[in-house]
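Single-structure report; data block below.
Values in this text are rule-based calculations from the coordinates and carry no lab data. Just so it is clear, the model here is predicted, and its values are computed rather than measured. Neighbour counts are summed over all protein chains in view; Cβ atoms, including those assigned to glycine, are modelled from backbone coordinates with ideal geometry.
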């Protein structure tokens, strides 16, 4: 990876507290699930302290709407935000979990049976680093 670049590499849905992807993350009876985001950054950027913004949004593909508000997270390329030196080389790795509460308090609610997709963007403060990723479609029960 370029020493001054970063990239979002994975965005998955998982049952709350799990890191294992699940296409029905709130099944069988949960009022929440997790979005798990993974990223990499080059050796200079990954611990350089440069600020960036993550924007986390979800689209209800069934109703063509936004089922809950967009989350905006302000972080920096540093250990305090979760960037860690990769065991395989000079680059940095990042994993962040975003808990998502299901509207209507869980199974059988207003989104039961709806197909959704999550989208995350990373934009550095100077807009020199930009990355976008979307999850596979998932269904709420």
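Residues 84, 7, arranged from fewest to most other Cβ atoms within 10 angstrom of their Cβ, appear as 84, 7. For the chain, the relative contact order comes to 31 percent (Cα pairs under 8 Å, sequence separation of at least 6). Using only the Cα atoms of the stretch 6-139, each taken as one equal point scatterer with no solvent, compute I(q) by the Debye sum, divide by I(0), and report log10 of the ratio at q = 0.10 Å⁻¹. Log-scaled intensity ratios, in q order: -0.34. Spin-label model, residue 112 to residue 86: label points 7 Å out along the Cα-to-beta-carbon direction sit 4.5 nm apart. For the pair the stretch 73-141 and the stretch 40-54, the centres of their Cα atoms are 16 angstrom apart. Site pair residue 66 and residue 125 shows an inter-label distance of 2.5 nm when each label is modelled 7 Å from Cα along Cα→Cβ. Taking the Kirkwood radius as Rh and the Cα radius of gyration as Rg, the stretch 102-141 has a ratio of Rg/Rh equal to 1.23.
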